[in-house]
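Here's the structure we're looking at; comments come further down.
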Amino acid sequence: MAERPEDLNLPNAVITRIIKEALPDGVNISKEARSAISRAASVFVLYATSCANNFAMKGKRKTLNATDVLSAMEEMEFQRFVTPLKEALEAYRREQKGKKEASEQKKKDKDKKTDSEDQDKSRDEDNDEDEERLEEEEQNEEEEVDN
Amino acid sequence: MAAAAAAAAASGSGTPREEDGPAGEAAASQPPAPTTAPGARLSRLPLARVKALVKADPDVTLAGQEAIFILARAAELFVETIAKDAYCCAQQGKRKTLQRRDLDNAIEAVDEFAFLEGTLD
């Protein structure tokens, strides 16, 4: 069975939660409706990606950026998304900046430590490196562990 | 000792490590709720899955992190929007459960959803 792009679904639990929070209390959703919405969301992402890519190519760029996506939203007649998306983008940028600064600060502290303890490679250092790797992974992307 | 174990279990880290890391965010990334900082849940959809969808497009070379994030957030907004529109149809039928046909009606009725026609089968 070939894996088509539309088969890449977003997690059911998250979709259900978003739907429930959008609707008034006491409203339910059938399994068929929920899975249809989930597919619709995937199709939406694919369509938005394609639109955004057109803008990137127009700008002779090979990398999709946030502006391309925002332009795509307008093109797709989802202008009402543009403002909330811009706000989310601001918040995201602030958070990324904060994380980066925090990690850089940690690295500086660590460098100070390892400079003095360079001779012995103690167990503790290995553990610290593990922790840092975990943090780095976290701050780069919300990578999902394989289900 | 039991208290420490209970605290470790509560904080979400299953492995009983002796070393008590000062960084509270040392917990491994768990699906599906991305908890980076309290109250800063910027997107609920896992970015990795969104990225997989983006990469499925043969014309796309690369996509920046911000682009992926905005797409995820846009998809959330889309789900909210279509759910609400579909609910309007269910309300008219005096039902409290959203059915597949409510969704189909919403797609037909709303211009912006025209791109969905024929894709959900």
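The values are calculated or read from the model by the stated rules, or taken from the named source; none is laboratory data. None of the values given here were measured: they were computed from a predicted structure. Note that we place each Cβ from the backbone using ideal geometry, even for glycine, and neighbour counts take in every protein chain shown. When the accessible area is computed, the model is the full protein with side chains, heavy atoms only, and any ligands, DNA or RNA have been set aside. Shrake-Rupley method; radii C 1.70, N 1.55, O 1.52, S 1.80 Å.
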> How many of the residues making up segment A:92-106 are more than 9 Å from chain B (Cβ to nearest Cβ) and in contact with a helix residue (DSSP H, G or I) (Cβ under 8 Å, 6 or more places away or on another chain)?
Replying inline: 2
> In segment A:23-35, what count of residues is obtained for those that are part of a helix (DSSP H, G or I) and either buried (at least 24 other Cβ atoms within 10 Å of the Cβ) or more than 7 Å from every other protein chain (Cβ to nearest Cβ) (or both)?
Replying inline: 3
> Can you tell me which residue in segment A:77-91 is farthest from A:N65 (Cα to Cα), limited to those that are more than 7 Å from chain B (Cβ to nearest Cβ) and of a type in the set (D, E, K, R)?
Replying inline: A:R80
> Restricting to segment B:89-103, what's the tally of residues that are modelled with pLDDT of 90 or more, part of a helix (DSSP H, G or I) and within 8 Å of chain A (Cβ to nearest Cβ)?
Replying inline: 3
> Which ones in segment B:65-87 are acidic (D, E) and under 14 Å from the mean Cα position of the chain (by Cα)?
Replying inline: B:E76, B:E80
> In segment B:64-98, which residues are open to solvent by 10 Å² or more (accessible area, probe 1.4 Å) and either hydroxyl-bearing (S, T, Y) or over 28 Å from B:P46 (Cβ atoms) (or both)?
Replying inline: B:T81, B:Y87, B:C88, B:C89, B:Q91, B:Q92, B:G93, B:K94, B:R95, B:K96, B:T97
> Can you name every residue in segment B:40-64 that is more than 7 Å from chain A (Cβ to nearest Cβ) and more than 16 Å from the chain's Cα centre (by Cα)?
Replying inline: B:K55, B:P58
>> Any residue that is small (G, A, S), more than 13 Å from B:R73 (Cβ to Cβ) and either in contact with a Gly (Cβ under 7 Å, 6 or more places away or on another chain) or exposed (fewer than 15 other Cβ atoms within 10 Å of the Cβ) (or both) - is there at least one of those in segment A:39-46?
In response: no
